[in-house]
Amino acid sequence: MDSFLIEGGRPLHGEVTISGSKNAILPILAATLLTPDTCRIRGVPDLSDVRFMLQILESLGAETKFERGMVTVRAAKVRGFGDYELIRKMRGSICILGPLLARCCEARVSLPGGCVIGTRPIDLHLKGLRALKARITVEYGYINATTRRLAGTTVFLGGRAGPTVLGTANLMMAATLATGVTVIESAACEPEVTDLANFLVSMGAKIQGIGSPTLTITGVDRLNGTDHEVIPDRIEACTFICAAAATRGEVIIHGARPDHFAAVIDKLREAGVQIERKAGTLRVTRPGKLKPADVTTMPYAGFPTDVQAQFMALMCLAQGTSVITERIFESRFMHVAELMRLGAEIAIEGPNAIVKGGLPLSGAPVMASDLRASAALVIAGLAAKGKTQVHRIYHLDRGYERMEEKLRKLGAKILRVAGE
Ligand code: EPU
């Protein structure tokens with residue numbers, strides 16, 4: 001398993017371009033199963049999760065090609081059963097369930113297990129699809145779903161922690177080919193859901209209320225192929241901004257959509273980070289000391305759970321105490337113990353992490369537990385004195401395209417060490 005070796009304490013300087021969004025491309029790739037025609041998607045990041053999804057599509061009968069950031073998929077014939085082992089590896093693969101049911105009237109996918117950030121239930125996905133007249137059983141670790149034809153209805157999809165991103169994606173995709181009208185109430189409003197909706201509309205789907213909590217989908221008999229460019233990754237942009245601020249550097253960010261992460265920009269400014277918009281770029285600097293800031297994660301347009309760990313790494317460097325509250329996933333604090341190895345002082349009290357900032361960080365070997373936790377450890381390692389080795393960075397490769405290359409171009413001392 002590869003690791004990163006970071007020699008910290010060097011401010012990041014220079015320019016970086018943000019890649020296409022991981023969480024937008026995964027459901028969009030699933031949506032290509034809805035048509036026998038060819039779909040072309042540009043701006044696709046080369047990530048292990050994207051490669052997995054393409055393999056899953058192939059195991060379902062689609063032809064795929066991935067060259068220079070463009071994916072081409074032609075799912076002329078599709079079967080409802082794929083390679084279970086592959087599907088089990090990636091939680092995002094749950095979003096093939098809706099398209100397979102709509103296209104093949106049957107689907108069998110492995111039940112995604114829990115993961116380190118929480119139990120990750122799928123009850124809302126199943127509730128939504130059952131409301132559309134799918135018969136679903138969960139047996140021996142698999143979800144078996146069949147339908148004569150999906151039929152539109154009104155479904156309230158909100159759950160304990162608010163709306164569900166992939167649940168909304170699954171149901172919206174299924175509803176595009178259902179008979180009649182489907183109304184999804186308490187739909188997720190994340191930009192990734194909006195990008196998927198725009199992709200579906202370009203395929204000929206009829207969707208109203210895009211970007212709002214009420215989506216109205218009028219089913220059609222057939223969808224066609226299309227060309228689409230995926231939105232930039234807002235989480236990657238926020239990660240680089242936190243890294244620039246943590247090292248007190250000056251970084252120009254190209255290709256980001258700041259309107260997709262206004263809540264993060266607001267908090268970063270409160271913490272003393274300067275973010276200036278100039279001719280389609282963002283210039284990030286940190287003129288003085290970092291100030292503490294409290295954050296609570298929320299569904300969009302609130303502060304995203306996917307930036308909580310990176311922001312916590314930054315708050316370890318602030319002059320004072322910050323309270324970081326995680327409201328989306330119950331155990332998304334795996335990075336805390338590892339940040340403490342670097343010298344941070346953090347106490348967990350239920351969903352709150354109390355970060356006493358301002359203590360000096362110094363390098364140490366640390367273990368990445370999930371994608372965003374890994375990013376937080378990289379940020380802390382870049383700011384810490386001495387050498388930090390971040391183990392198990394395969395998590396990072398799932399969601400950040402060439403992260404170490406991008407950081408090296410910004411002047412970071414970071415090496416990928418193979419097989420440790
Ligand atoms: N939930 C349920 N029942 C369900 C589905 C979700 O109770 O059937 C709960 C979850 O347990 C959680 C909340 O609803 O408390 C929100 O979960 P959601 O379904 O929105 O998460 P997801 O769709 O499985 C996507 C992203 C995650 C991101 C979350 C929240 C993808 C591939 N994954 O997951 O991304 O954290 O939305 O924004 O799009 C990441 O990129 O690191 C990552 C984990």
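The values are calculated or read from the model by the stated rules, or taken from the named source; none is laboratory data. Please read all numbers here as calculations on a predicted model, not as lab measurements. Here the Cβ positions follow ideal geometry from the backbone for every residue, glycine too, while neighbour counts run over all protein chains shown. Remember, those area values only see protein heavy atoms, side chains included, never the ligands or the DNA or RNA. Shrake-Rupley method; radii C 1.70, N 1.55, O 1.52, S 1.80 Å.
Rounded to the nearest 20 debye, the dipole magnitude of the range 26-229 is 520 debye, with +1 charges on Lys and Arg beta carbons, -1 on Asp and Glu beta carbons, and the Cα centre as origin. Projecting the Cα positions of 34, 162, 226 onto the charge dipole of the range 26-229 (unit charges on Cβ atoms of Lys, Arg, Asp and Glu, taken about the Cα centre) puts 34 furthest along the positive direction. When you restrict to C-alpha pairs under 8 Å that are six or more residues apart and normalise by the size of the range 26-229, the relative contact order lands at 21 percent. Database remark: amide H of residue 413 closer than 5 angstrom to the amide H of 7 (H placed geometrically; neighbours at sequence offset of 5 or more, or on other chains; Pro and chain starts carry no H).
For the range 104-139, backbone nitrogen atoms closer than 12 Å to the point 7 Å from residue 153 Cα along Cα-to-C-beta are found at 127-136.
With each label modelled as a point 7 angstrom along the Cα→C-beta vector, the residue 84-residue 111 pair spans 1.3 nm. Straightening the chain between residue 59 and residue 362 buys 104.4 nm, computed as 0.36 nm per residue apart minus the Cα-Cα spacing.
Name the lysines eligible as straight-distance cross-link partners of residue 385: C-alpha to C-alpha under 22 Å, and not fewer than 8 places from it in the same chain. Correct list for residue 385: 289, 291, 356, 406, 409, 413. Against the chain, whose longest principal axis comes from its Cα atoms, helix 165-176 is set at around 20 degrees.
Rolling a 1.4 angstrom probe over the range 26-229 with all protein chains present gives an accessible area of which 49% lies on carbon and sulfur atoms.
Taking all Cα pairs closer than 8 Å and separated by 6 or more residues, the relative contact order of the chain comes to 22 percent. When peptides 116-125, 35-44 are sorted by average Cβ neighbour count within 10 Å, with the highest value leading, the order is 35-44, 116-125.
Here's how it looks for residue 321: its modeled amide H is under 5 Å from those of 357, which are all 5 or more places away or on a different chain. List the aspartates and glutamates whose alpha-carbon lies under 18 Å from that of residue 127, not counting same-chain residues fewer than 8 positions away? The qualifying aspartates and glutamates are 106, 139, 185. Taking the longest Cα principal axis of the chain as reference, the axis of helix 48-59 is set at about 10 degrees. Summing Cβ point charges (Lys, Arg +1; Asp, Glu -1) relative to the Cα centre of the chain gives a dipole of roughly 120 debye.
The calculated 222 nm mean residue ellipticity attributable to helices in the chain amounts to -9000 deg cm²/dmol, summing -39500 (n - 2.57) over DSSP H runs of n ≥ 4 and dividing by all residues.
The C-alpha atoms of the chain define a longest principal axis, and helix 191-202 lies at about 30 degrees to it. Would you work out the relative contact order for the range 295-346, in percent, from Cα pairs under 8 angstrom that are 6 or more residues apart? Rounded, it is 39 percent for the range 295-346.
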